[in-house]
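The values are calculated or read from the model by the stated rules, or taken from the named source; none is laboratory data. All values derive from a computational prediction rather than experimental measurement. Note: ideal-geometry Cβ built from the backbone for every residue, glycine included; neighbour counts use all protein chains shown. Accessible surface areas use protein heavy atoms only, side chains included; no ligands, DNA or RNA. Shrake-Rupley method; radii C 1.70, N 1.55, O 1.52, S 1.80 Å.
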Amino acid sequence: MIKEYKHLFTPGKIGAMALKNRIVLPPMGTGFHDEGGYVSQRFIDYLEARAKGGVGLIIIEVTAPSVQCNVSNHQLTLGNDSYIPGFKKLAEVVHAYGTKIAIQLQHSSWELKDGKPLQVGPSPLVVPARVMGVMAGAPHGLTLDEIHERIQWFVSAAVRAKEAGLDGVEMHAAHQYLLASFLSPATNQRTDQYGGSVENRARILVEILKETRKLVGPDFPVWPRLNGQEFGFDGGLTLEETLQMVPMLEEAGSDALHVSAYGAYSMAIRAPICDIPGFLIPLAAEVKKISKVPVIAVGRLDTELGEEILEQGKADFISIGRRLIADPDLPNKVAAGRWNEIIPCINCMECIERPVTEGRGTACAVNAAMGRERAFRIQPVAKPKTVMVVGGGPAGMQAASVAARRGHKVALYEKSSELGGQLAIAKLPPHKEELTNLISYMADQLTRSGVTIEYNTEVTPDMILEKKPDAVIIAAGAAPLMTDMPGVKQPQVLAAQDVLAGRQVGQNVVIIGGGMVGCETGHFLSEKGKHVIVVEMIKRVANDMAPMVRRRLLDGLREKQVMMMTNTTCLEIKEKGILVKTADGKQQEIPADSVIIAVGYQKNDTLFQSIKDKVPEASNIGDSANPQRIREAILSGYQAGLSV
Ligand SMILES: Cc1cc2nc3c(=O)[nH]c(=O)nc-3n(C[C@H](O)[C@H](O)[C@H](O)COP(=O)(O)OP(=O)(O)OC[C@H]3O[C@@H](n4cnc5c(N)ncnc54)[C@H](O)[C@@H]3O)c2cc1C
Ligand SMILES: Cc1cc2nc3c(=O)[nH]c(=O)nc-3n(C[C@H](O)[C@H](O)[C@H](O)COP(=O)(O)O)c2cc1C
């Protein structure tokens, strides 16, 4: 842990824009906007929290420069003057904290034509690797007139951004959206002045920057976001090509370069997200070597790595994305050395891959208040109550700390000797170690908020009636379903969570159930050298996982040669294996020393049912109400803590 930050909290400049520190909130789509793509109060609250938390520069998410490219009707838009007042209000709120605020202008590749979505691009090409931006068929190849019109969209929107009091504009030329697809040789095969050589492919961006500069003057910062490289497919943009573009972009008036990347079928980076902290730094560092303007680096960075990168002169500013979604106060907490209080991002991808349905935008698994900053504000209660919380998993811990922070007198009871609930085993498979930080953070919050913790105490209905609390919150979790299949009672049959918790298994293992828990248990055992077969009834394994995390897991399973039998139903567990019906309807015996059951969970709500009518106030939350995920457990805990 760095004791003294010599760089991260020092002022810096992008063009004429003075920044109080080097921490940047990169653009991240939220979907929090009002109908038509107008700035909403919810969005202002979300960004205000991040400004208050100490970030130096906020870059507002993907914003359509024209109403014509706001296809969803909910993408943030700056396509005409009616949008200016919303941004003005946002800028004023953010500025009150000494934070600067720029906006990212993005053409997604989709437009509305005659009321229908149409994808456009440099060339009418189907590029399989192009997973973002283009999802169906060949785009319409833009004509020269159409290119010039789209250049004007960007330029006019930049002028509006300045009028709205924003501090700068980032032109989104990364991640395979329209401008990136012009830069990339994989998607741009034009033969006119906008295709072919690096100079020609960069022309659209260069013209946007030049035209913008003419209209906004020298003191209004404008810069592009670029892919340092496109990974994982043939013919993508190379670092060498990006480096060739650097002087052209500087010459065109760029005040900085924000170096991201794109990956399609790459193990290390998927779309703009990489798992390995600092994986993209070599790209930023190469750009920095030749760049005359500040370089902004990104890619699973934290403040410690950020400090190191600045120290080594590999970049000038550090973008921190998901960690600032998880904890808006990260910069202030780090500056004050309040390490234990940082809400840890667990790299679960739920923010990008499991947006909340019902048009409510994105959400964070570990920070339930993200996007609900106003509604979830913690206010002291007028009349404190005694509150009994049953269960020390994420739901119970969250409920207890929120209730205690509001002033209630809270006691949490956990039947085992440790906190964390299922997280204590969920953290054991490969790539899940970040859950350890979540348990430590939540445990620390309990102590900090004054919750009394009683370990090794299994709460019974009598105990609740005896203690007579004003309110009871039950967060007793879920129990594994064991099925009633013939043979399930044999000694070689185990529940997945018992295996993760340390029960021994033989060398040849069959796992019945190929959802997240089954597959992760398979991965865990394969890493220990076991031979693993996963049997799944439906046609897709790990179907309950977010796509990027799922792909990461499947790559790991493939690497360890875990065999997946899909569309396969287990009929019976035998002494030395299992009998299945395979996809083609045939019966087959699969030999195994151990059989692991991972077919789901059932709610553990007996305690709640037995006391709910006998106490003044009772609620049942997390998996004990409905077995789901960390996100739902923490959200229901937060809500219970607020409503008690
Ligand atoms: C292997 C595995 C991997 C997982 N991976 C993920 C993942 O990657 N992402 C994700 O979002 N979700 C994951 N989950 C699911 C996630 O862990 C659960 O949804 C979450 O832990 C539910 O939280 P909870 O607080 O409701 O219940 P739990 O975490 O189950 O906690 C309940 C707690 O209550 C205690 N308790 C029960 N009865 C009593 C009683 N009478 N008195 C006192 N204490 C009691 C238990 O001991 C336990 O500590 C995973 C689950 C498993 C099993
Ligand atoms: C929910 C979400 C939305 C994103 N939206 C955008 C966006 O609007 N524009 C953009 O250039 N990148 C976007 N990104 C990529 C981020 O700006 C950033 O590059 C990426 O998250 C890596 O940084 P991190 O590892 O610190 O999160 C998004 C990422 C996430 C998680």
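Of note:
- The set of residues from segment 163-174 being crowded, with 24+ Cβ neighbours inside 10 Å and out of contact with any Leu (no Cβ under 9 Å at 6 or more places or on another chain) is empty.
- Residue count, segment 218-248 (criterion: within 16 Å of ligand 2 (Cβ to nearest atom) and open to solvent by less than 30 Å² (accessible area, probe 1.4 Å)): 10
- The lone exception for T191 - which of (1) assigned to a loop (DSSP other than H, G, I, E, B); (2) of a type in the set (S, T, N, Q); (3) buried (at least 18 other Cβ atoms within 10 Å of the Cβ) it fails: (3)
- Residues of segment 392-432 classified as open to solvent by 40 Å² or more (accessible area, probe 1.4 Å) and in a helix (DSSP H, G or I), total: 1
- Enumerated strands (runs of 3 or more DSSP E) restricted to segment 541-624, each holding at least 3 residues that are open to solvent by less than 80 Å² (accessible area, probe 1.4 Å) and within 23 Å of G396 (Cβ to Cβ): 618-620
- Single unsatisfied condition, H175 versus (1) within 16 Å of ligand 2 (Cβ to nearest atom); (2) touching a helix residue (DSSP H, G or I) at 6+ places or on another chain (Cβ under 9 Å); (3) within 21 Å of W110 (Cβ to Cβ): (2)
- P65 vs. criteria buried (at least 23 other Cβ atoms within 10 Å of the Cβ), modelled with pLDDT of 95 or more and over 23 Å from F317 (Cβ atoms): yes
Rundown of residues vs (1) β-branched (V, I, T); (2) open to solvent by 10 Å² or more (accessible area, probe 1.4 Å); (3) in contact with a strand residue (DSSP E or B) (Cβ under 8 Å, 6 or more places away or on another chain); (4) not in a helix (DSSP H, G or I), yes/no style:
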| site | (1), (2), (3), (4) |
| --- | --- |
| V55 | yes, no, yes, yes |
| I58 | yes, no, yes, yes |
| V71 | yes, yes, yes, yes |
| G79 | no, yes, yes, yes |
| I84 | yes, yes, no, no |
| K89 | no, yes, no, no |
| V94 | yes, no, yes, no |
| Y97 | no, yes, no, yes |
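- Residue check, V293 open to solvent by less than 40 Å² (accessible area, probe 1.4 Å), at pLDDT 95 or above, touching a Gly at 6+ places or on another chain (Cβ under 7 Å) and not small (G, A, S): no
- In the set (1) open to solvent by 30 Å² or more (accessible area, probe 1.4 Å); (2) touching a strand residue (DSSP E or B) at 6+ places or on another chain (Cβ under 7 Å), the condition left unmet by V389 is number (1).
- Among residues of segment 631-644 being within 11 Å of ligand 1 (Cβ to nearest atom) and surrounded by fewer than 22 Cβ atoms within 10 Å (Cβ to Cβ), the one that is nearest to G477 (Cα to Cα) is E632.
- Looking across segment 169-217, the residues that are hydrophobic (A, V, I, L, M, F, W, C) and farther than 21 Å from V155 by Cβ come down to A186, V198.
- Filtered by the rule that a residue be crowded, with 18+ Cβ neighbours inside 10 Å and either under 15 Å from V198 (Cα atoms) or free of Cβ contacts under 8 Å to residues at least 60 places away in the same chain (or both), segment 249-265 gives L249, E250, A252, G253, S254, L257, V259, G263.
- I44 within 16 Å of ligand 2 (Cβ to nearest atom) and either open to solvent by less than 40 Å² (accessible area, probe 1.4 Å) or under 24 Å from E350 (Cβ atoms) (or both): no
- Filter result for V389 (away from ligand 1 (no atom under 16 Å from the Cβ) and touching a Gly at 6+ places or on another chain (Cβ under 7 Å)): no
- Here L435 does not qualify as open to solvent by 40 Å² or more (accessible area, probe 1.4 Å), closer than 26 Å to Q398 by Cα and aliphatic (A, V, I, L, M).
- The lone criterion from (1) assigned to a loop (DSSP other than H, G, I, E, B); (2) of a type in the set (A, V, I, L, M); (3) touching a His at 6+ places or on another chain (Cβ under 6 Å) left unmet by V293 is number (3).
- Filter result for the condition that a residue is open to solvent by 30 Å² or more (accessible area, probe 1.4 Å), out of contact with any strand residue (DSSP E or B) (no Cβ under 6 Å at 6 or more places or on another chain) and under 21 Å from P26 (Cβ atoms), over E286, E211, E207: E286
- Scanning segment 546-569 for residues that are in contact with an Asp or Glu (Cβ under 8 Å, 6 or more places away or on another chain) and charged (D, E, K, R), we see that the one that is nearest to A363 (Cα to Cα) is R552.
- Filter pass, T303 being open to solvent by less than 10 Å² (accessible area, probe 1.4 Å), over 25 Å from F220 (Cβ atoms) and polar (S, T, N, Q): yes
- For segment 426-447, a residue qualifies if it is polar (S, T, N, Q) and without any contact (Cβ under 8 Å) to a residue 24 or more places away in the chain, and the qualifying residues are T436, T447.
- Matching residues in segment 1-20 - criterion: being crowded, with 16+ Cβ neighbours inside 10 Å and either under 19 Å from F220 (Cα atoms) or within 16 Å of ligand 1 (Cβ to nearest atom) (or both): G12, I14, G15, M17, L19, K20
- Condition check for S319: within 16 Å of ligand 2 (Cβ to nearest atom), within 21 Å of V198 (Cα to Cα) and buried (at least 24 other Cβ atoms within 10 Å of the Cβ): no
- Here V381 clears all of (1) surrounded by fewer than 17 Cβ atoms within 10 Å (Cβ to Cβ); (2) among the β-branched types (V, I, T); (3) touching a strand residue (DSSP E or B) at 6+ places or on another chain (Cβ under 9 Å) except the condition numbered (3).
- Residue check: L118 meets all listed conditions (1) among the hydrophobic types (A, V, I, L, M, F, W, C); (2) without any contact (Cβ under 8 Å) to a residue 24 or more places away in the chain; (3) closer than 26 Å to G253 by Cα but one, namely (3).
- Filter result for S260 (among the polar types (S, T, N, Q) and modelled with pLDDT under 95): no
- For segment 507-525, the criterion of being modelled with pLDDT of 95 or more, part of a loop (DSSP other than H, G, I, E, B) and surrounded by fewer than 20 Cβ atoms within 10 Å (Cβ to Cβ) is satisfied by at least one residue.
- Condition check for E240: away from ligand 1 (no atom under 16 Å from the Cβ), acidic (D, E) and free of Cβ contacts under 8 Å to residues at least 24 places away in the same chain: yes
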